[in-house]
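Below is one structure; the comments refer to it alone.
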Amino acid sequence: MKRLVLSVLGVALFFSFSIRLVKDDSSGKGLPLPVFSDQMARLLAAAGGQLFIRTNPGDFTLVIGSLEKLMAAENAWGFVRGSAQWANNNSIFADNIIVSLKNSGLLKNSGTISFSGLNINGTSHKLKLITGNDIAVSSSAYTGTKTFSNRLVIWNASDTKVFELLFDDISSSSGDGVLMNYRMCSLDPSICDNSNVIVESYISGSAGSRRQTYSWGAQLKSDNTFSTDRGRVFVNEMPITLASGSVTNNAICVRIVTRMTFAAAPTSISANCTNAGSYYYAMGYGQRTDAGLEATALFSFTFNAIDSNTTNEGNVCGSAHTLRHGIFNAGGFVQDGVTAASIPATYPQSAALITNNFSKTGAAGDGGAGGYDDTQKTTIDNLSAITFRSADTPP
């Protein structure tokens, strides 16, 4: 079987902000808005594929750590690096904005601050910060609505909304959490060319059990045959059991389902993939966030269905593949075709951990239908409904 080659594109948030905003208040004194350049530099460094661990996380940050860039031969496992890195960048970006706003004192009083002329990648944008103004909004990552009292919204020069961050508690994500939506390709056209792609990231939970769900519902890049047009990644902090039998509290479990649509049968992936149409890539893995970032993973690739078959531990177009399990560390790909009994002692075990996590792909998950880890096929297909949630108008 040929290696599965996936180009997920933009598995990091490439914001190149150059911001130094000053708004005059009624007293004539300069009221500084946050300077994000240092935080953005760290994000860009992470996006380059270097080992990246935030050792002093904020209240909204999942400490994940990025793996080194995979070689082409290991691209079947590309999401092991990409999904964690993207989640890392989402949570750190949200955390840095909220902490910067908190430290600036701008969240102490209710009101609105507007600014025009914000430079993002050399293009003028508009910004509005609204504080102490409750709005109830829905999301694809939870049922019903949640109420947020603060939000930061950005529009481009044509008054198209490109970014929003909604949050309530400025000290913790354990309440209603943090909801962030961004038009990825508009903010940086160099990484994708579909301006309709809106990425939704929802962060919730308290330290040790924080979780993030990020999703998208449109084709990322029009000229890339293997570009995904739907996707959801769920990341959860939790204790995990290692192959040695010991338990570490410094770990995450990740579940991923993405959809790719092919005009012709993708036989270049496998001779068994004989249909044109939608295919679903599913992955479940556990990763340590300490020591050497050891990870153990399973994946499948299936026509018009999500295959979480743990008996075969993942299939490619209905046939068992020889790549299971894949193992990784801080240097990236280590080996695949590893049996459960051969997983090294310091890596997450397969039994009851990786197989259980993988078996929840394509299912409602622990949060139930419409919840934070719902990766049912219908849910994935309907991610095209992702949109911005606030009704604010540009300044």
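Things to note:
- Selection from ALA295, PHE234, THR267 lying farthest towards where the dipole of the stretch 208-317 points positive, charges on Cβ: PHE234
- ALA351 paired with THR267, simple spin-label distance in nm, labels 7 Å along Cα-to-beta-carbon: 4.3
- For the stretch 183-284, a simple Cβ point-charge model (Lys and Arg +1, Asp and Glu -1, everything else neutral) yields a dipole of about 260 debye relative to the Cα centre.
- For SER206 and SER342, the difference between the fully extended length at 0.36 nm per residue and the C-alpha to C-alpha distance is 45.5 nm.
- Whole-Hz couplings from phi, Karplus 6.51/-1.76/1.60, listed for the stretch 93-98; x for Gly and Pro: 5, 4, 4, 5, 5, 5
- Cross-link check: pairs LYS108/LYS161; LYS108/LYS128; LYS161/LYS221; LYS126/LYS146; LYS102/LYS128 evaluated at a Cα-Cα cut-off of 23 Å; pairs beyond the cut-off: LYS108/LYS161; LYS126/LYS146.
Rule-based calculations on the coordinates, nothing more; no lab input. Remember, predicted model here, so these are calculated numbers, not experimental data. All Cβ positions, glycine included, derive from the backbone under ideal geometry; neighbour counts span all protein chains shown.
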